[in-house]
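Some notes on the structure that comes next.
The values are calculated or read from the model by the stated rules, or taken from the named source; none is laboratory data. Being a predicted model, the structure only gives us computed values, none of them experimental. Using ideal geometry, Cβ is built from the backbone for each residue, glycine included, and neighbour counts are taken over all protein chains shown.
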Amino acid sequence: MNYGEFGGQYVPQELKEKLNEIEKEFLKVKEDNNFLNDYEYYLKQYVGRPSPLYYAGNLSKYVGGAKIYLKREDLNHTGAHKINNAIGQALLAKRMGKNHIIAETGAGQHGVATATVCSLFNLKCTIFMGAKDVKKQFSNVQRMKLLGAEIVEVTEGEQTLKEAVDVAFNYLLENMDCFYLIGSCVGPSPYPEMVKFFQKIIGEEAKKQILEQEKQLPTAIVACVGGGSNSIGLFSEFIKDENVAIYGVEGAGKGIKTGKHASAIYNNKIGILHGMKTYIMEDEDGKIQDAYSISSGLDYPGIGPEHAYFNKIGRVKYDSITDKEAIEAFKLLTKLEGIIPALESSHAIAYGLKIAKKYNKDNCIIINLSGRGDKDMDTIFKY
C-alpha cells in the first residue's frame, strides 16, 4: 500500500523475509472466500457483529447541535474493537502453520483480544506489556492470565506501550517461528494495511447504518488515535466521501505546551519508529520522546503511516484532547446515556461534542466508541 513518503519496512533483513512471507499469505487470503467466510462467521457469531449505531438522544439534546451517533464497538465480545483484528490475524497465523502468538498491549484490550483468540484457536500466547500499564490495567492483566496468556512485564524506559513494542520485536527476531499479532495500524509493512483490512468492518457497518437511520451521510466522523486502528477502521469507508469531515483525536495529556502529551502530529517531525516512517515524538537530538496520556491506549510516541499520509494531504484533521477534557466527557456520557466509555474513546467523545455544537439538528455526526470503561475504573477514581 502506498502512503506517500510514509510506511515502509525499516527492519533487519532477516525480519524483512518474515514480513514478506506474511504479506504474501495476506494477499492470498484477502481474495480467498473460504478464509473470508470463516472470518465473517467469527465476527457475527463470536464477536456479536454488527455492533449497533446508537443515536445518543440525551447527549444530542444536551449539546444542542448535530445529532450524535455512537458506533458501539464497546459492545463487542472482550469490550473493544481490538477483537476484529485479533481474529483476522489469528486465522492468518493458523493458515501459515504458526502456533505461538506474541503481542504487545498498552491499555490491555489488544492483549485481552489476543489471549481470547489464542484460547479459542488453541495457540500459545505471550503478551508484552509495560510495567506501568500492568499496574494501571490490573483487571485486563488478570483477564489475560485467566485466558492462559503469559504476561511479560517490560521494565525498560518509560515502561509503557512503546517499550512493549520494542521488546516484542526483539523477541520476534530471536524466535522467528512466532507470529507477531500487532494490535494497531503501525509497524513495518504489511501490518498497517493488514490491521486496516480487519478493522474496516467498523466503517462499512457505520455507513450502511447511518444511511438506513438518517437517509444521509454524516456531516462528520470522529475517532481517537493512538497508533490508530479504531480510527482507520471507521475512516476507511468515508475517505472518498469528500463532504464528510473526518477528525482524528490524539491525547493532549496535561496540555500540549507542558510537553506531557501524546500528540505525534503536533510535533510535526517525521522519522523512523518500529519499522515505519511516520510522524514521531522526537527531541532535538533525534531521541524518541516519552509520550504521556492518562489513557494507556493513546500513550504512543507515533502514529500509523496512513494517518500520517491523511494528515499530510489534509484529508483528515488531527487534533488533541487533554486528560481533563476526556474525564469530563467520560462523566457526561456515563451520566446522560448510561454508557461507561473507555478513556481512549472519551477523547473522541470530548472532541465530538465540540464538533456537534458547530452544526444544527439537520446534521448528524458519528463518534467511534472504541471500547468500554471497565478497565479504567481505578484510573478514574485515582484522578
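Which of the strands (runs of 3 or more DSSP E) contained wholly in region 61-151 include at least 1 residues that are farther than 19 Å from residue 193 by Cα and in contact with an Asp or Glu (Cβ under 6 Å, 6 or more places away or on another chain)? Give the steps one after another, and end with the answer.
On the way: elements: 67-72, 100-105, 124-130.
It comes to 124-130.
Would a scan of region 107-121 turn up a residue that is assigned by TED's automatic domain parsing to the domain that holds residue 177, surrounded by fewer than 24 Cβ atoms within 10 Å (Cβ to Cβ) and out of contact with any strand residue (DSSP E or B) (no Cβ under 8 Å at 6 or more places or on another chain)?
Step one: of region 107-121, the residues assigned by TED's automatic domain parsing to the domain that holds residue 177 are 107-121.
Adding the requirement that they be surrounded by fewer than 24 Cβ atoms within 10 Å (Cβ to Cβ) leaves 119-121.
Checking which are out of contact with any strand residue (DSSP E or B) (no Cβ under 8 Å at 6 or more places or on another chain) leaves us with 120-121.
Looking for residues that are assigned by TED's automatic domain parsing to the domain that holds residue 177, surrounded by fewer than 24 Cβ atoms within 10 Å (Cβ to Cβ) and out of contact with any strand residue (DSSP E or B) (no Cβ under 8 Å at 6 or more places or on another chain), one finds at least one in region 107-121, hence yes.
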List pairs: first in region 234-263 and outside the structural domain of residue 315 (by TED's automatic domain parsing), second surrounded by fewer than 24 Cβ atoms within 10 Å (Cβ to Cβ) and of a type outside the set (Phe, Trp, Tyr), Cβ under 6 Å, 6+ apart or cross-chain? none
Applying the selection to region 61-73, what residues are surrounded by 24 or more Cβ atoms within 10 Å (Cβ to Cβ) and not basic (Lys, Arg)? 68, 69, 70, 73
What pairs come out if I take residues in region 347-367 that are touching a residue at least 60 places away in the same chain (Cβ under 8 Å) and closer than 21 Å to residue 209 by Cα and pair them with residues that are among the acidic types (Asp, Glu) and surrounded by fewer than 24 Cβ atoms within 10 Å (Cβ to Cβ) whose C-beta lies under 9 Å away, six or more apart or interchain? 364/214
So if I check each of 36, 59, which one is in contact with a Lys or Arg (Cβ under 9 Å, 6 or more places away or on another chain) and farther than 27 Å from residue 311 by Cβ? 36
If we scan region 64-87, do we find a residue that is more than 30 Å from residue 364 (Cα to Cα) and modelled with pLDDT of 95 or more? yes
Give region 269-293 a look and list any residue that's modelled with pLDDT under 95 and hydrophobic (A, V, I, L, M, F, W, C), or say none. 288, 291
Scanning region 122-153 for residues that are surrounded by fewer than 21 Cβ atoms within 10 Å (Cβ to Cβ) and basic (Lys, Arg) gives 124, 132, 135, 145
Just wondering, is there one or more residues in region 17-26 that are without any contact (Cβ under 8 Å) to a residue 40 or more places away in the chain, assigned by TED's automatic domain parsing to the domain that holds residue 113 and either part of a loop (DSSP other than H, G, I, E, B) or among the hydrophobic types (A, V, I, L, M, F, W, C) (or both)? no
Looking for something in contact with a Ser or Thr (Cβ under 7 Å, 6 or more places away or on another chain), without any contact (Cβ under 8 Å) to a residue 40 or more places away in the chain, among the hydrophobic types (A, V, I, L, M, F, W, C) and under 22 Å from residue 186 (Cα atoms) - is there at least one such residue anywhere in region 89-105? no
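Going by the conditions given, is residue 222 touching a residue at least 24 places away in the same chain (Cβ under 8 Å) and closer than 15 Å to residue 318 by Cβ?
Numbers: touching a residue at least 24 places away in the same chain (Cβ under 8 Å): yes; closer than 15 Å to residue 318 by Cβ: yes.
Criteria met by residue 222.
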All but one of (1) buried (at least 17 other Cβ atoms within 10 Å of the Cβ); (2) of a type outside the set (D, E, K, R); (3) assigned to a helix (DSSP H, G or I) hold for residue 58; which doesn't? (1)
If we keep only residues of region 325-382 that are basic (Lys, Arg) and under 22 Å from residue 243 (Cα atoms), then the residue modelled with the lowest pLDDT is 361
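Collect the residues in region 43-56 that are hydroxyl-bearing (Ser, Thr, Tyr) and in contact with a Lys or Arg (Cβ under 9 Å, 6 or more places away or on another chain), keeping them in residue-number order.
Taking region 43-56 as the starting set, the residues that turn out to be hydroxyl-bearing (Ser, Thr, Tyr) are 46, 51, 54-55.
Once the filter is applied, which keeps residues that are hydroxyl-bearing (Ser, Thr, Tyr) and in contact with a Lys or Arg (Cβ under 9 Å, 6 or more places away or on another chain), region 43-56 yields 51, 54, 55.
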Scan region 191-209 and give yes if some residue there is in contact (Cβ under 8 Å) with a residue 12 or more places away in the chain, more than 29 Å from residue 99 (Cβ to Cβ) and in a loop (DSSP other than H, G, I, E, B), otherwise no. no
Every residue from region 335-352 that is closer than 15 Å to residue 249 by Cβ and in a helix (DSSP H, G or I): 343, 344, 345, 346, 347, 348, 349, 350, 351, 352
